[in-house]
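Novice: Quick one: this structure, given as structure tokens, is what I'll be asking you about.
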Amino acid sequence: MAAAEGRTVLVAGASGLVGREILQGLLADNSVVAVHSVGRRELPLTHAKLTQHRVDFLKALPALPRASEAFIALGTTIKVAGSEAAFRAVDHDAVVAVAQAARAAGATRLGVVSAMGADKHSRIFYNRVKGETEEALSAMGFATLVIARPSFLAGDREALGQPLRGGEKLAMRLSRILAPLIPDNYKSIAAADVAHALLTHVPRDTGKQVLLSGSMRA
């Protein structure tokens with residue numbers, strides 16, 4: 001089902017690899033009339049459609065502006081966060097809080113960046129948190145829920161002031177060397193491809209969709 005014109009959209013995590021691409025895509029989309037970016041710091045960007053809202057994701061969120069859909073690209077690593085509890089506060093608690101606030105603001109469509117291997121029953125803490133987050137989002141009653149589960153993300157983290165992730169660098173290097181032998185869902189994927197997939201599916205699809213890297217790669 002196609003989305004109506006005059007879309008007002010919420011975006012959380014627009015300072016990250018995928019979030020930045022989502023934001024740029026929305027601002028360039030003529031069917032979008034307003035974009036509300038929710039983040040911890042102000043982006044170095046101005047646009048006629050864009051309104052920025054600074055929030056503390058670790059505290060109660062304020063009421064968000066009315067919107068028809070939302071995109072959430074929040075995420076960190078245990079190393080960057082400093083502990084498992086701090087990681088969960090971002091990748092579960094903050095994501096769920098933004099989704100709840102977006103739902104209260106009228107959003108019926110949600111696109112979210114999760115991770116390959118997300119599974120609430122996993123013995124791996126990272127994957128288990130991602131799976132528990134997906135389960136919480138699935139219970140919120142969105143008419144459309146599109147979950148992207150990318151493998152290792154390729155993008156310029158340095159340009160965003162983000163720390164380089166050694167594991168991702170190694171995985172992408174091996175992915176290039178062993179590309180013919182690696183299944184599509186496990187190859188590294190450009191952040192722009194993940195954003196494009198969400199921007200395509202969220203306004204169009206109904207129900208719950210899970211997108212793996214193989215289906216998102218351009």
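The values are calculated or read from the model by the stated rules, or taken from the named source; none is laboratory data. Predicted model, so just to flag it, every value in this text is computed and none were measured. Ideal geometry is used to build each Cβ from the backbone, glycine not excepted, and the neighbour counts take in all protein chains shown.
Novice: Provide a single number: the residues in segment 202-218 that are among the hydrophobic types (A, V, I, L, M, F, W, C), out of contact with any Leu (no Cβ under 8 Å at 6 or more places or on another chain) and not in a helix (DSSP H, G or I). Break it down stepwise before answering.
Specialist: We begin by selecting, within segment 202-218, every residue among the hydrophobic types (A, V, I, L, M, F, W, C); these are 202, 210-212, 216, 218.
Applying the additional criterion that residues be out of contact with any Leu (no Cβ under 8 Å at 6 or more places or on another chain) yields 210, 212, 216, 218.
Remaining after also requiring not in a helix (DSSP H, G or I): 210, 212, 218.
The qualifying residues number 3.
Novice: Further question on the same structure: Acidic (Asp, Glu) and farther than 12 Å from Phe142 by Cα, is that true of Glu69?
Specialist: Details: acidic (Asp, Glu): yes; farther than 12 Å from Phe142 by Cα: no.
Taking the combined requirement at face value, the residue does not satisfy it.
Novice: Quick one: which residue in Ala63, Ala139, Ala73, Ala99 is more than 17 Å from Val210 (Cβ to Cβ) and of a type in the set (Gly, Ala, Ser)?
Specialist: Details: Ala139 fails: more than 17 Å from Val210 (Cβ to Cβ); Ala73 fails: more than 17 Å from Val210 (Cβ to Cβ); Ala99 fails: more than 17 Å from Val210 (Cβ to Cβ).
Result of the check over Ala63, Ala139, Ala73, Ala99: Ala63.
Novice: Sticking with this structure for a sec: Go through segment 30-45 and give me each residue that's touching a helix residue (DSSP H, G or I) at 6+ places or on another chain (Cβ under 9 Å) and closer than 19 Å to Arg66 by Cα.
Specialist: Within segment 30-45, Val32, Val35, Ser37, Val38, Gly39 meet the criteria.
Novice: Taking Arg40, is it surrounded by 22 or more Cβ atoms within 10 Å (Cβ to Cβ) and either within 30 Å of Asn127 (Cα to Cα) or among the β-branched types (Val, Ile, Thr) (or both)?
Specialist: Numbers: surrounded by 22 or more Cβ atoms within 10 Å (Cβ to Cβ): no; either within 30 Å of Asn127 (Cα to Cα) or among the β-branched types (Val, Ile, Thr) (or both): yes.
So Arg40 fails the test.
Novice: OK, next. Report yes if some residue within segment 43-51 is outside any loop (DSSP other than H, G, I, E, B) and either surrounded by 15 or more Cβ atoms within 10 Å (Cβ to Cβ) or touching a strand residue (DSSP E or B) at 6+ places or on another chain (Cβ under 7 Å) (or both); otherwise report no. Please lay out each step first, then the result.
Specialist: Here is the first cut: in segment 43-51, the residues outside any loop (DSSP other than H, G, I, E, B) are 50-51.
Retained after the next criterion (residues that are either surrounded by 15 or more Cβ atoms within 10 Å (Cβ to Cβ) or touching a strand residue (DSSP E or B) at 6+ places or on another chain (Cβ under 7 Å) (or both)): 50-51.
Yes, there is a match, as at least one residue in segment 43-51 is outside any loop (DSSP other than H, G, I, E, B) and either surrounded by 15 or more Cβ atoms within 10 Å (Cβ to Cβ) or touching a strand residue (DSSP E or B) at 6+ places or on another chain (Cβ under 7 Å) (or both).
Novice: Still on this structure, I have one more. Return yes or no: is Gly19 more than 17 Å from Ala107 (Cβ to Cβ), among the small types (Gly, Ala, Ser) and either in contact with a strand residue (DSSP E or B) (Cβ under 8 Å, 6 or more places away or on another chain) or at pLDDT 95 or above (or both)? Spell out how you get there, then give the answer.
Specialist: Details: more than 17 Å from Ala107 (Cβ to Cβ): no; among the small types (Gly, Ala, Ser): yes; either in contact with a strand residue (DSSP E or B) (Cβ under 8 Å, 6 or more places away or on another chain) or at pLDDT 95 or above (or both): yes.
No: the conditions fail for Gly19.
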